[in-house]
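Novice: Sharing a structure, written as structure tokens. Questions coming.
The values are calculated or read from the model by the stated rules, or taken from the named source; none is laboratory data. A quick note: this is a predicted structure, and the numbers were derived from the prediction, not measured. Quick reminder, even Gly has a Cβ in these numbers, built from the backbone with ideal geometry, and neighbours come from all protein chains shown. Accessible surface areas use protein heavy atoms only, side chains included; no ligands, DNA or RNA. Shrake-Rupley method; radii C 1.70, N 1.55, O 1.52, S 1.80 Å.
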Amino acid sequence: MHQRRIPEWLRHAPTPSVRGFAALAGTEAMARGILISVMPLEMYRALRDAALVSEIYFMVGLLSLATGLMVPFVSRFMPRRWIYVTGCAMFAGGAAMGAQGGALGMIAALALITAATVTVFVCFNAYVLDFIAKSDLGRCETSRMFYSALGWTVGPFLGVTLLGLWRPLPFLIAGLAALSMMALFLYMRLGNGKLITRARRPAPNPLAWMPRFFAQPRLVAGWIFAVIRSCGWWAYVVYLPIFAVQQGLGEDLGGMLLSASNGMLFLTPLMLRWMQRRSIRHAVRAGFLVSGLLFLFAAAFSSLPWLTVASLAVASVFLVLLDVSAGLPFLMAVKPSERTEMSAIYASFRDVSGILTPGAAWLVLLVAPLPGIFAVTGLGLMGCWHLARRLHPRLGAARVAMEPGGHLDISLPMPRKTG
């Protein structure tokens, strides 16, 4: 009797859709986008040394990598939904630390926000693989980026602008967005994901899955694509603003360019159509080739700062193309029984790139000026272009179903008698 008065959406949770996941990603983009241009400037302002900034990012990357790999282990003792909620709370706490400022406060904020990002990312990918069919992964990835476009486009420039008005303001807005992301997640009622089969024994240590990962070349190649693509964004997001400050181009330039580059996310539906008319292999190779050449060009003409900035800005358009396409080879190769563990391994690309990029930059700055970082990044992108030649030409293409037709006689003709 009382059940009739309970709203339907409370008695039966709606099935998660592509649009729901895209909205969740859009909320996350608001939280991260407003800080992405603020964090490098505040770290450089607090430490006043690009090499020291690279060292801090390197150490935080190690911490974040360990966090991401431990998410499946923690999920043995804590439901996945509460891990996601904890990640949102960690992000809000990191934003609060950043609002306080100071060298120690900024380092703590960077560590908390980075660990929270990878925690949320592992859970998000596991939910996507649970509820979205493989044939819809491309549409889900494009919708996710399209819904995220506003946060990534407005956020970087807005963050730098608000930083000049009142320093804690962008951090407070990011913390509020993280809490909104938590509220939206709870409203979607994703639970703990789908149970494929009941486990007969406890899940092994996450590191025990590494042999299974390395035994599948398609997963390894897809993970490498994600790592190097992320390294390109790291070089663009962290070191382009520092380059602009060193060349006297102003602190606002980095945030302005990042907002303009992220505005290309609105074109992701067109990029998806272009990719579907050709292939994932073609899109991945084109993205790595052109972005790699432009990074090398930017390093070669670093004596002309505006030409370097323009080259990197154009390269970011092809990094967006890689955001659309370069993650699909991995996601399409994951087996259903390995979703959570392989999602954790895949999510490690953020942390590995967060270790690899500042670590390489740290070494480069010992022997070369800052544009050397752009050269090394370009070489890495070109290496992935060469590796992507091994992708299947029809990867991601829709399978053609055989329609029933009329009777077809396929019997072999009888040989004629001679003589």
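Novice: What about Leu294, is it out of contact with any Ser or Thr (no Cβ under 7 Å at 6 or more places or on another chain), touching a residue at least 40 places away in the same chain (Cβ under 8 Å) and crowded, with 17+ Cβ neighbours inside 10 Å?
Specialist: The answer is no for Leu294.
Novice: Across region 357-395, what is the total count of residues that are under 22 Å from Thr308 (Cβ atoms) and either in contact with a Pro (Cβ under 7 Å, 6 or more places away or on another chain) or among the aliphatic types (A, V, I, L, M) (or both)?
Specialist: 15
Novice: When you scan region 41-54, how many residues do you find that are open to solvent by 30 Å² or more (accessible area, probe 1.4 Å) and in contact with a Gly (Cβ under 9 Å, 6 or more places away or on another chain)?
Specialist: Here the count works out to 1.
Novice: Could I ask something else about it? If Leu69 meets every condition in (1) within 24 Å of Val160 (Cβ to Cβ); (2) surrounded by 20 or more Cβ atoms within 10 Å (Cβ to Cβ); (3) within 22 Å of the chain's Cα centre (by Cα) apart from one, which number is that one?
Specialist: (1)
Novice: Continuing with the same structure: Give region 257-281 a look and list any residue that's aliphatic (A, V, I, L, M) and at pLDDT 80 or above, or say none.
Specialist: Of everything in region 257-281, those that are aliphatic (A, V, I, L, M) and at pLDDT 80 or above turn out to be Leu257, Ala260, Leu270, Met271, Met275, Ile280.
Novice: Would you mention how many residues in region 129-164 are of a type in the set (Val, Ile, Thr) and modelled with pLDDT under 80?
Specialist: Selection size over region 129-164: 2.
Novice: Between Ser311, Ser303, which is in contact with a helix residue (DSSP H, G or I) (Cβ under 7 Å, 6 or more places away or on another chain) and either over 19 Å from Ser143 (Cα atoms) or outside any helix (DSSP H, G or I) (or both)?
Specialist: Ser311
Novice: Being assigned to a helix (DSSP H, G or I) and without any contact (Cβ under 8 Å) to a residue 24 or more places away in the chain is true for just one of Gly151, Gly105, Gly155. Which residue is that?
Specialist: The unique qualifying residue is Gly105.
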